[in-house]
1. Going through region 56-71 one residue at a time, which ones are part of a loop (DSSP other than H, G, I, E, B) and in contact with a helix residue (DSSP H, G or I) (Cβ under 7 Å, 6 or more places away or on another chain)?
2. Considering Gly219, Gly253, which residue is touching a residue at least 40 places away in the same chain (Cβ under 8 Å), crowded, with 18+ Cβ neighbours inside 10 Å and within 23 Å of Tyr347 (Cα to Cα)?
3. Select the helices (runs of 4 or more DSSP H) contained entirely in region 98-180, then report the ones holding at least 3 residues which are among the aliphatic types (A, V, I, L, M) and within 16 Å of the ligand (Cβ to nearest atom).
4. If you scan region 56-66, which residues turn out to be under 15 Å from Pro285 (Cα atoms) and surrounded by 16 or more Cβ atoms within 10 Å (Cβ to Cβ)?
5. If you go through region 70-94, how many residues are more than 16 Å from Leu326 (Cβ to Cβ) and of a type in the set (A, V, I, L, M)?
6. Output the number of residues of region 159-174 satisfying the condition of being in contact with a Ser or Thr (Cβ under 8 Å, 6 or more places away or on another chain) and not β-branched (Val, Ile, Thr).
7. Scanning for something surrounded by 21 or more Cβ atoms within 10 Å (Cβ to Cβ), over 21 Å from Ala435 (Cβ atoms) and in contact with a Phe, Trp or Tyr (Cβ under 7 Å, 6 or more places away or on another chain), does region 337-347 turn up at least one residue?
Amino acid sequence: MTADLDAYWMPYTANRQFKKAPRLLTKASGMHFWNDEGRQILDGVAGLWCVNAGHARPRIVQAIAEQAAEMDYAPPFQMGHPKAFELARRVADLAPGDMNKVFFTNSGSEAVETALKMALAYHRVRGEGQRTRLIGRERGYHGVNFGGMSVGGIVGNRKMFGTMLSGVDHIRHTHDLGANAFSVGQPAHGAELADDLERLCALHDPSTIAAVIVEPVAGSTGVLIPPQGYLQRLREICDRHGILLIFDEVITGFGRTGNPFAAQTFGVTPDLMSCAKGLTNGAVPMGAVIARQHVYDAFMQGPEQAIEFAHGYTYSAHPLACAAGLATLDTYEEEGLLTRAGELQSYFAESLHSLKDAPHVIDVRNIGLVGGIELTPRPGAPTARAFDVFLDCYAAGVMVRTTGDTVALSPPLIISREQIDQIVSTLRNAISRVA
Ligand SMILES: Cc1ncc(COP(=O)(O)O)c(C=O)c1O
């Protein structure tokens, strides 16, 4: 067995540990995976925050198969195919305000790189090329490429990879257990943390800053919900100083917080939005950047035969991804999934917060169908307790995810109340069993 698993260098995985006791998934349908022993596992994390409509949805499966037979590939540079335009239109229709231009990528990481490059080029085409600084936030996750890693703020993702992009700075994160532990929904304290951006404006001068990028809800760092008023304040400061605001909606996009985008849930419209994952229900890799009209317009000024934005990927708007994306949006619409997290959120919240009295639990956080349960780290062994909870849940037939000592939940938006109960009772048992 070990020899068979040897060649694959697995991403974000403890390879040697995994290969000694592999967890192999071989089938998926609806709310469930099955492993190589035929055991059914309830999916508490939508795969990796992406399978929002549940697994192997027939409409999506069929659309991919038909598209592969009809036209497998079409070059995206100086050429187009109808489904790319149709999907862009459909995504723009879901986005808030005048966010109505869509640039396709193949992943969340690529969407982030694209948004950062778009922001820099936007200022340059407007004659403000001195705006070269990019501001991220501590504990942010924006994928694994150099731009995203540089604006990201998770030390383990940064420390091995040299000096990264120059000219990047970070505002403070918003996690404050002392003030906000066990908040239901948005925490009450911390809007003033947005003022940290003013500190960086004072340090660097706002005229040097191109953009600020944040996740409206930080997922990979352990589910951090924005304090009430925080995102509004960030928007105001950006407006005051001519800085573009980028929301990284890779996990929050497509229904996770009860609206198509978290921008709508929190009532704050950014200038650019990166998304991926739920765009195609995870079935074919695809990401996108959604831009406001004024950003696009700024580029459309030079000679008409000139390429306005020297950027793109061989697989931008890949026909299979576009077919999957259209079928995904149809499925979301038919089943009302983009607002279902809002309908289920109080049941989900109540269920999750019942874990407050379980051993080692120091915080429970929630918004829409996202949950985080933070555990006290084992002395001298951070992350180990949460990882053991993950293993215990998996053995008991429920897939959760851990980051640091936080257990993260982001189930498919088709989840039933009974399945929420199953996840929470499995978690309670696991947390109680794991010392
Ligand atoms: C907020 C955010 N941005 C970017 C990414 C990177 O996306 P991908 O893994 O598709 O490159 C992720 C992935 O989880 C994410 O959560």
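1. The answer is Arg57, Met71.
2. After ruling out the rest, the residue left standing is Gly219.
3. Once the helices (runs of 4 or more DSSP H) in region 98-180 are filtered for at least 3 residues that are among the aliphatic types (A, V, I, L, M) and within 16 Å of the ligand (Cβ to nearest atom), what remains is 108-125.
4. Correct list: Ile60, Ala63, Ile64.
5. Of the residues in region 70-94, 1 are more than 16 Å from Leu326 (Cβ to Cβ) and of a type in the set (A, V, I, L, M).
6. Within region 159-174, residues that are in contact with a Ser or Thr (Cβ under 8 Å, 6 or more places away or on another chain) and not β-branched (Val, Ile, Thr) number 4.
7. yes
Each row is one residue, and each column tells you yes or no for (1) under 27 Å from His175 (Cβ atoms); (2) within 23 Å of the chain's Cα centre (by Cα).
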| residue | (1), (2) |
| --- | --- |
| Glu335 | no, yes |
| Ser351 | yes, no |
| Glu374 | yes, yes |
| Pro382 | yes, no |
| Ser410 | yes, yes |
| Asp421 | no, no |
| Ala435 | yes, no |
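The values are calculated or read from the model by the stated rules, or taken from the named source; none is laboratory data. Note that the structure is a prediction, hence the values are computed from the model and not measured. Heads up, the Cβs are rebuilt from the backbone with ideal geometry, glycines too, and the neighbour counts pull from every protein chain shown.
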